[in-house]
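Let me begin by presenting the structure, written as structure tokens, before commenting on it.
Read-outs throughout are calculated quantities, based only on the coordinates presented, and are distinct from any laboratory measurement. If you're wondering where the values come from, they're calculated on a predicted model, not measured in any experiment. Cβ placement follows ideal geometry from the backbone for every residue including glycine, while neighbour counts extend to all protein chains displayed.
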Amino acid sequence: MSWIFDEYSKFKGFSPAAVTGKPLQLHGSHARESATGRGVVVATRELLRAHGAGGLEGKSVVIQGFGNVGGWAARLFHEAGARVLAVSDRHGATFSADGLDVAALRRHTRAAPPFGGSLRSFPGGRALALERLLELPCDVLVPAAVPSVVNAETARTLGCRFLVEAANASTTPAGDRILRERGIAALPDIVSWTFLLLSFCSSFCFFPFIFAQRSLSFPLPRPHHPKNSMLAAGESPSRSSSGSKTSRTFGGRSRKWRNGSTRR
């Protein structure tokens with residue numbers, strides 16, 4: 001995308017709105033990394049509201065998967081006031097009845113072994129067998145790892161009230177029939193991914209296009225900021241020092257476009 005931006009600008013002048021998906025250093029979106037997990041959280045919030053179960057605050061959540069989707073979903077659930085009871089990856093799971101400190105858990109998984117890296121070794125929770133994760137009593141279960149995890153066998157042992165699919169085809173047809181029999185409200189992947197894609201496209205396509213046209217770059221809102229506004233803590237939109245789109249930097253290099261103008 002950076003290359004397309006560069007090539008297009010050679011012919012049309014400085015044009016950051018020509019293409020989306022650019023890195024932040026070249027006028028990309030601040031929300032592109034978190035968009036998928038954010039969509040899952042929004043989908044869950046709307047599912048709870050539709051069933052008269054209130055909002056996310058105080059709800060208990062179990063997440064299978066702690067990659068980009070599961071990791072961001074856990075962080076955003078936590079920031080919304082939900083209790084993330086357990087998360088897992090392919091190697092193991094960690095559990096806390098009082099709710100995990102997701103920020104501390106993310107720092108732990110990014111640390112090098114032997115003091116970090118593994119969910120099972122997280123000091124703020126206790127190790128949990130992978131097969132027991134889906135059985136934990138909770139309000140919301142989010143499968144965000146592998147397909148067909150909710151099948152005819154596992155659907156009978158789920159401990160959740162609501163299920164939100166964040167992985168492709170998390171539930172088999174046989175598993176879906178059992179969920180209906182048990183009265184577990186399930187949001188299928190085609191619906192939850194609609195919220196996910198809306199969040200993704202708004203942060204990856206539409207808003208970057210509008211902001212880039214105006215040479216603006218808005219930071220994400222801080223969740224606990226009193227105003228929770230688009231501009232966090234009094235920060236202003238990023239513009240060039242002269243306030244003009246024609247004086248923006250591009251990769252730190254001086255460029256002369258084909259329309260005769262010179263940029264840095």
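Structure data summary
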| quantity | calculated |
| --- | --- |
| Cβ crowding within 10 Å averaged over residues, with 72-82, 49-59 ranked highest first | 72-82, 49-59 |
| Length-normalised contact order of the range 35-195 in % [C-alpha pairs under 8 Å, at least 6 apart] | 21 percent |
| Three-way shape call for the range 35-195 based on the alpha-carbon gyration tensor, with the a/c threshold at 1.5 | prolate |
| Karplus 3J(HN,Hα) series, Hz, for the range 110-120 with 6.51 cos²θ - 1.76 cosθ + 1.60 (x for Gly, Pro) | 8, 7, 7, x, x, 8, x, x, 10, 4, 5 |
| Size of charge dipole - the range 99-140 - debye, nearest 20, with Cβ of Lys, Arg +1 and Asp, Glu -1, no other charges | 260 debye |
| Separation of alpha-carbon centers, the range 174-194 and the range 36-98, rounded to whole Å | 17 Å |
| Table column - 3J(HN,Hα) (Hz), the range 158-169, Karplus curve with 6.51, -1.76, 1.60, x for Gly and Pro | 4, x, 9, 9, 10, 10, 10, 6, 10, 10, 5, 6 |
